[in-house]
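Engineer: Pasting a structure here, questions to come.
Taken together, the values in this text are just the output of simple stated rules run on the coordinates, not laboratory data. Everything numeric in this text was worked out from a predicted model, so none of it was measured. Cβ: placed from backbone, ideal geometry, glycine included. Neighbour counts: every protein chain shown.
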Amino acid sequence: MAKSKSSARPRSSGGGRKKAGKKAAKKKKAGVGRAVAAGRKPTLTGLRKRIDRLDRQILELINERAGLAHQIGQLKDAVGETIYAPGREEEVLARAVQLSQGPLSEQCIRAVFREIISGSRAIEKILRVAFLGPFYSYSHLAAIHRFGQTVEFLPVGTIGSVFEEVDRGLADYGLVPLENSTDG
């Protein structure tokens, strides 16, 4: 751990020590924003502490959002609506991209929000999605892109099998390629 400039300076005895201790505590409490404003370089420890605080706030907000999504799911269930609403999910993703003013790419913002939506949806029900091919095939990656990671993926061997899984109720949704070199 690197020493800060204040701890590298010799301390005076007596009352100066209390004063120095209070200053150090204030500096520590002030955080990185004040350090930068005062012309000091932020420290690795200070930046990491700030990230930890932000992570805690982000998690609180994600959990609050998930709670609201759960309430929406209950309302939708009461009137017989399906949990998966691709139109609404696209609206949320597009709005998140539009609101983002930071350095993260559109692809990154969409991926983060897709997973938040997928996890929130899974509170109500973990969707089962059948797709053609093995895991990590183009169809599987397309299913991840559409539904997020918090679903149960069911790989099958033929396009017909995808439809059969849905027809038999073993899958909630099926994803098939429009054109395939194996099945046409």
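Engineer: Cα to Cα, under 15 Å, and not fewer than 8 places away if on the same chain: which aspartates and glutamates meet these conditions relative to Lys125?
Structural biologist: Asp77, Glu81, Glu115, Glu152, Asp172
Engineer: Okay, next question. What length, rounded to one decimal in nm, is gained on full extension from Gln107 through to Leu178, with 0.36 nm per residue of separation minus their alpha-carbon distance?
Structural biologist: 23.2 nm
Engineer: Report the semi-axes of the equivalent ellipsoid for the range 126-184 in whole Å, largest first, where each axis is √(5λ) for an eigenvalue λ of the Cα gyration tensor.
Structural biologist: Listed largest to smallest, the semi-axes of the range 126-184 are 16, 14, 8 Å.
Engineer: Note down the net charge around His70, summing +1 for each Lys or Arg and -1 for each Asp or Glu among other residues with Cβ under 14 Å from its Cβ.
Structural biologist: Local net charge: +1.
Engineer: What net charge is computed for the residues neighbouring Val166, neighbours being all others with C-beta under 14 Å from the C-beta of Val166, Lys and Arg scored +1, Asp and Glu -1?
Structural biologist: -3
Engineer: What full-extension length gain, to one decimal in nm, is calculated for Ala78 and Ala142 as 0.36 nm per residue of separation minus the Cα-Cα distance?
Structural biologist: 20.0 nm
Engineer: Would you kindly state how much longer the chain becomes between Glu115 and Asn63 on full extension, computed as 0.36 nm times their sequence separation minus their alpha carbon distance, in nm to one decimal?
Structural biologist: 17.4 nm
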